[in-house]
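Student: Below is one structure. I have some questions about it.
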Amino acid sequence: MREIPVYVITGFLESGKTSFLRDVLESEDFADGQKGLLILCEEGIEEYDEADLASKNIDVISVEQPEEFHKEFLEQCAKHYRPRRIFVEMNGVWDPKWLLEEELPRPLEIAQVITIVDGSTFPVYLNNMRSILSNLFLDTEMVIFNRCTEEMDLHSYRRTIRGLNQGAMIYFEDDQGNPVDPGMDQPPYDLEADVIQIEDMDYGLWYLDVSENPKRYEGKKVRFRAKVMKSRRFDAETFVPGRNAMTCCENDIRFVGYVCRGKFAGDLRARQWIWLTARIQYEYAREYGDKGPVLHALSYELTGAPETDTVYFN
């Protein structure tokens, strides 16, 4: 049975999903006459030309209520319309977990999840709808911020997404669809110091930057305050120094840190606070199952907890 790829385009109302999908459906990759189905889960100001889509062999159907949109509905659509691919313009306030995190009935398969964000209204949504925002970004593969200007704090936008989903690709566009390059973010600490001192308030920024910009940190020494995390799965010389981090709301607080190797690991207890000095190397770690930042401990000092235990990614 041939798989039917499902492309999910999500985002809040008036974020630009319809304009984006129109461009996709008119592109060489998809305007090839193969049978398609477009499922609309909300209606904005922008509309589709259904006659034009019909000429491209694409059917259009609408779903008005979230309880109407489920696995059985998709399965029925596949049987009735017999599409070779399905596009879903998702309602950004509907809970997408069943669609993105659960296995769909064969032959349906999620091919790509793209989140469209209006850069001009993102800070407002971040301040007022944090928990809903986290649902938009957790399982997406690509985030496109449109209507951006160079005056916007695009580095902050990127940190927010990276805090929720480090694997997502992030792009910025202006109101004409042209790329906007925010440049490389300059951290608030001295990258040229013999030992880079990371203050408590900068841990979240450093944590994300280490992952994104390995050339900056390869072989560098760093010093920061962290809580010790241990696991029975670690060997005697391995622990994770890190912090509790929050991106959107209290429900998404989690411990974040990088694998650390050190001969004194056995002297440390879980949940102790230490000032750690370590060298950063990028190498394969079985704990990651891949290559990533690994800290090689040089020294430590016992200390107390900081005034604020939780760090933020935005």
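Student: Please specify each residue of segment 128-154 satisfying the condition of being farther than 17 Å from Asn178 by Cα, assigned to a loop (DSSP other than H, G, I, E, B) and open to solvent by less than 70 Å² (accessible area, probe 1.4 Å).
Tutor: Met129, Asp139, Thr140
Student: List the number of the failed condition for Tyr125; all other conditions in (1) free of Cβ contacts under 8 Å to residues at least 24 places away in the same chain; (2) among the aromatic types (Phe, Trp, Tyr); (3) open to solvent by 50 Å² or more (accessible area, probe 1.4 Å) hold.
Tutor: Exception for Tyr125: condition (1).
Student: Next question. For the condition under 23 Å from the mean Cα position of the chain (by Cα), exposed (fewer than 15 other Cβ atoms within 10 Å of the Cβ) and of a type in the set (Asp, Glu), what is the one hit in Asp185, Asp202, Asp190, Asp181?
Tutor: Values: Asp185 fails: exposed (fewer than 15 other Cβ atoms within 10 Å of the Cβ); Asp202 fails: exposed (fewer than 15 other Cβ atoms within 10 Å of the Cβ); Asp190 fails: under 23 Å from the mean Cα position of the chain (by Cα).
Only one candidate qualifies: Asp181.
Student: Among (1) over 18 Å from Leu208 (Cβ atoms); (2) open to solvent by less than 30 Å² (accessible area, probe 1.4 Å); (3) under 16 Å from the mean Cα position of the chain (by Cα), there is one condition Leu164 misses while meeting the rest; what is its number?
Tutor: It is condition (1) that Leu164 fails.
Student: Being modelled with pLDDT of 90 or more, closer than 30 Å to Gly119 by Cβ and assigned to a strand (DSSP E or B) narrows it down to one of Val256, Val210, Val240, Val222, so name that one.
Tutor: Val256
Student: Sticking with this one: Which one of the conditions (1) modelled with pLDDT under 90; (2) in contact with a strand residue (DSSP E or B) (Cβ under 7 Å, 6 or more places away or on another chain) does Asn165 fail to meet, given that it meets all the rest?
Tutor: With respect to (1) modelled with pLDDT under 90; (2) in contact with a strand residue (DSSP E or B) (Cβ under 7 Å, 6 or more places away or on another chain), Asn165 is out only on (2).
Student: Of everything in segment 75-94 that's open to solvent by 10 Å² or more (accessible area, probe 1.4 Å), outside any loop (DSSP other than H, G, I, E, B) and touching a residue at least 60 places away in the same chain (Cβ under 8 Å), which residue is nearest to Thr115 (Cα to Cα)? Show your work before the answer.
Tutor: Of the residues in segment 75-94, the ones open to solvent by 10 Å² or more (accessible area, probe 1.4 Å) are 75-76, 78-82, 84-85, 91, 93-94.
In the following step, the residues that additionally are outside any loop (DSSP other than H, G, I, E, B) were identified as 75-76, 78-81, 85.
In the following step, the residues that additionally are touching a residue at least 60 places away in the same chain (Cβ under 8 Å) were identified as 78, 85.
Details: Ala78: 24, Arg85: 19 Å.
Among those residues, the one meeting the criterion is Arg85.
The values are calculated or read from the model by the stated rules, or taken from the named source; none is laboratory data. Note that the structure is a prediction, hence the values are computed from the model and not measured. We place every Cβ from the backbone using ideal geometry, glycine too, and count neighbours over all the protein chains shown. With ligands, DNA and RNA removed, areas are computed over all heavy atoms of the protein, side chains included. Shrake-Rupley method; radii C 1.70, N 1.55, O 1.52, S 1.80 Å.
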